[in-house]
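J.: Let me give you the structure first, and then I'll get to my questions.
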Amino acid sequence: MSDPLSKAATASEIARAVMSGKVKASAVIDAALRRIAAAEPAVNAFTDIVADRSRKRAAEIDAGRHLGPLMGVPFAVKNLFDIEGLATRAGSKINVDGPRASRDGALVRKLEAAGAILVGGLNMGEYAYDFTGENAHYGPSRNPHDPTRMTGGSSGGSGAAVAAGEVPLALGSDTNGSIRVPASLCGLFGLKPTYGRLSRAGSFPFVDAFDHLGPLARSTEDLALSFDAMQGWDPDDPVCTDRDIESTVPTLHEGIGGLRIAVAGDYFAKGGEPECFEAVATVAKALGASKTVVLPHAAAARSAAYVITAIEGAQLHLPRLRTRPQDFDSDTRERFMAGALLPGSWYVKAQRFRRQYRAEVLKLFNEVDIILAPATPCSAPRLGQVMMSIGGVELPVRANLGLFTQPISFIGLPVVAVPVRKSGALPIGVQVIARPYSEAAALRVAAYLEKQGTCVSEPA
Amino acid sequence: MADDKPDIARWVDEGAKAIGLPIAPEYREKVIVNVERSLAIAGPLLALELDDELTPLPVYRP
């Protein structure tokens with residue numbers, strides 16, 4: 001049990017301490033704000049800090065209001081989530097000129113209803129079209145485990161803030177890997193839920209077909225607690241499911257009995273550095289998983305995810321590309337422009353193929369319950385690094401950090417990214433992938449790995 | 001079959017005109033590089049043959 005005022009404290013430890021009266025929410029928030037002030041020069045995770053709001057909220061909790069399972073837990077959100085009174089930057093300079101948000105995003109409201117306390121907005125790659133965590137307007141978020149290296153993106157500030165111990169819990173978004181990539185490079189647990197499971201209302205979109213929101217934390221219990229608090233139908237997001245809430249906390253520590261676990265072969269067993277396959281092997285061994293399954297057409301799935309992303313993202317930003325091209329980050333501008341020029345026939349083919357691939361992959365879940373795959377092809381690249389060597393082939397960093405995450409989010413499967421760290425090495429993540437709406441199973445596996453000591457996340 | 005390769009610079013110039021997207025000279029080279037890259041990444045998708053019956057899902061559910 002960590003000191004609830006320390007950077008090592010998890011959300012659940014803090015909530016228990018506040019609930020039991022051992023510590024005041026105000027003291028927790030003051031400690032978090034001090035840690036943020038101390039760590040920011042090194043990690044650059046935050047773009048907005050709402051200190052007054054968080055202190056006011058903490059005082060209300062200490063006065064006996066806002067009871068809930070996340071009582072007194074400081075959290076922060078990628079700055080594409082609406083925060084009342086602030087412009088929703090979405091990593092851009094352009095949006096700062098837009099309207100201030102009239103209310104918080106849906107998931108911010110749900111976490112606060114559970115007693116958590118928002119402390120600020122987090123840095124991100126511009127308009128979420130990013131796997132690096134770099135940003136020309138606000139500077140790169142820096143990896144707390146080595147500030148000369150990338151956090152991964154696009155939820156880079158979310159990765160940095162939790163890995164630095166500034167806050168125990170952050171929200172990110174994941175369209176092609178933007179929660180799982182920073183979780184991998186920053187050594188965190190990250191949950192990308194099933195597509196449509198959590199409301200996206202009050203967040204700035206990127207690619208509606210694949211946009212997901214979810215939490216990053218240093219413990220599986222924190223993922224489960226926050227996920228459960230955020231579930232529920234929301235008429236303000238047309239994609240949000242009307243299925244009943246399926247709580248994951250009650251089954252979190254049930255172990256892996258009855259779960260058939262396999263490793264993804266073929267596409268997911270090549271095209272990465274040795275460390276990513278070693279991490280998968282370490283996790284597979286801890287789980288006793290010896291079977292291999294092949295996700296058919298995974299390379300085409302990655303292509304199709306790329307095409308849909310490029311075209312939908314470009315279409316969303318076309319008016320701004322016409323009128324304010326000079327105000328875009330130079331690392332997104334020309335990619336968006338290129339996306340606007342790709343043929344519509346590619347988009348429709350990618351959508352048609354998605355139906356086929358979904359059916360093919362769902363069939364695999366007749367044989368297995370959980371599939372393991374690397375989260376990133378390598379551990380954190382250096383900041384500013386443009387090309388990387390993967391298996392002896394030079395490839396662009398930006399397009400390829402999401403090689404292994406894209407074919408999974410393409411069909412909306414739930415994934416928990418779990419961290420593996422060899423002594424003296426940087427962390428790297430493994431994807432624990434489940435069938436649609438089976439977040440509980442993926443979280444059970446992650447909790448088992450955490451309990452065994454195979455996957456542990458500690459602040460830098 | 002070098003003649004079958006598309007002229008990407010022309011694709012960018014004419015496509016941008018067709019959709020009314022001005023591309024300043026200082027951005028043009030990078031746009032061309034990114035269209036080339038997109039063509040390469042799209043390869044595995046474009047190489048597939050799909051059944052005529054395979055339509056997109058009108059409402060996508062995972």
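J.: Note down the accessible area of A:V239, probe 1.4 Å, to the nearest 10 Å².
T.: Only protein atoms counted, so the area is about 40 Å².
J.: OK, next. Let me cross-check A:H297: its accessible surface, 1.4 Å probe, with only protein heavy atoms counted, in Å² to the nearest 10?
T.: Ignoring ligands and nucleic acids, A:H297 comes out at about 80 Å².
J.: Counting only the heavy atoms of the protein chains, how much of A:D3 is accessible to a 1.4 Å probe, in Å² to the nearest 10?
T.: We get 90 Å² for A:D3.
J.: Please state, to two decimals, what the Cα-based radius of gyration of the protein assembly as shown comes to when divided by 2.2 N^0.38 Å (N = residues).
T.: 0.92
J.: How big is the shadow of the Cα convex hull of chain B, averaged over all directions, in nm²?
T.: 7.2 nm²
J.: Here's a follow-up. What angle, in degrees between 0 and 90 and rounded to the nearest 10, separates the Cα long axis of helix B:8-19 from the longest principal axis of the Cα atoms of chain B?
T.: 80 degrees
J.: Take every DSSP beta bridge whose two residues both sit in chain A, then give the antiparallel share in percent to the nearest 5.
T.: Roughly 70 percent of the DSSP beta bridges within chain A come out antiparallel.
J.: Still on this structure, I have one more. Under the definition of partner shielding as Cβ atoms of other protein chains within 10 Å of a residue Cβ, what is the mean value for peptide B:22-30?
T.: Rounded to a whole number, the mean comes out at 4.
J.: Let me ask something else about it. What is the set of long-range amide H partners of A:S178 at a cut-off below 5 Å, with H atoms built 1.01 Å from backbone N?
T.: The list, which skips near neighbours in sequence, is A:S154.
J.: If I model a spin label at A:L67 and B:A9 as a point 7 Å from the Cα along the Cα→Cβ vector, what separation in nanometres do I get?
T.: The two pseudo-label positions are separated by 7.2 nm.
J.: Which value in nm describes the separation of the simple spin-label points at A:R260 and A:S20, placed 7 Å from the Cα toward the beta carbon?
T.: Label-label distance for A:R260 and A:S20, simple model: 4.3 nm.
J.: Hey, another quick one. Which sequence of A:W346, B:W11, A:W233 reflects their accessible areas, 1.4 Å probe, from the largest down?
T.: A:W233, B:W11, A:W346
J.: If we sort A:11-18, A:34-41, A:396-403 on the protection proxy, mean other Cβ atoms within 10 Å, highest first, what's the order?
T.: The peptides rank, most packed first, as A:11-18, A:396-403, A:34-41.
J.: Now for a separate question. Using θ = phi - 60° and the Karplus relation 6.51 cos²θ - 1.76 cosθ + 1.60, list the HN-Hα couplings for segment A:110-124 in order, rounded to whole Hz, with x at every Gly or Pro.
T.: Karplus-based 3J(HN,Hα) across segment A:110-124 equals 5, 5, 5, 5, 8, x, 6, 10, 6, 10, x, x, 10, 4, 6 Hz.
J.: So, in Å, what gap is there between the alpha-carbon centers of segment A:144-180 and segment A:7-81?
T.: Answer, in whole Å: 18.
J.: How high is the FRET efficiency from A:D146 to A:K285, r the C-beta distance, R0 45 Å, rounded to 0.05?
T.: 0.95
J.: Return the FRET efficiency for the residue pair A:E458, B:L48: r is the Cβ-Cβ distance, R0 is 30 Å, and the value is rounded to the nearest 0.05.
T.: 0.10
J.: Could I have the simple spin-label model distance between A:K363 and A:D52, label points 7 Å from Cα toward Cβ, reported in nm to one decimal?
T.: Label-label distance for A:K363 and A:D52, simple model: 6.1 nm.
J.: Averaged across the residues of A:344-355, what count of C-beta atoms belonging to other chains lies within 10 Å of each residue's C-beta?
T.: Taking the mean over all residues of the peptide, I get 4.
J.: Restricting to DSSP H runs of at least four residues, report the calculated mean residue ellipticity at 222 nm for chain A, -39500 (n - 2.57) per run over all residues, nearest 500 deg cm²/dmol.
T.: Roughly -11000 deg cm²/dmol at 222 nm, from the helical runs in chain A.
J.: Distance between Cα centroids, segment A:190-258 to segment B:22-54: provide it in whole Å.
T.: When both Cα centres are located, 33 Å separates them.
J.: Averaged across the residues of B:43-51, what count of C-beta atoms belonging to other chains lies within 10 Å of each residue's C-beta?
T.: 6
J.: Compute the length gained on full extension between A:R100 and A:A113: take 0.36 nm times their separation in residues and subtract their Cα-Cα distance, giving the result in nm to one decimal.
T.: Once the chain is fully extended between A:R100 and A:A113, it gains 2.5 nm.
J.: On to the next question. Can you give me the long-range amide H partners of A:L169? Hydrogens built in the peptide plane at 1.01 Å from N, cutoff under 5 Å, separation of 5 or more residues or another chain.
T.: Here A:A76 satisfy the definition.
The values are calculated or read from the model by the stated rules, or taken from the named source; none is laboratory data. What you see is a predicted model, and the numbers here were worked out from it, not measured in a lab. All Cβ positions, even for glycine, are placed from backbone atoms using ideal geometry, and neighbour counts span all protein chains on display. Ligands, DNA and RNA are stripped out before the accessible areas are found, and what is left, the full protein with its side chains, is counted by its heavy atoms. Shrake-Rupley method; radii C 1.70, N 1.55, O 1.52, S 1.80 Å.
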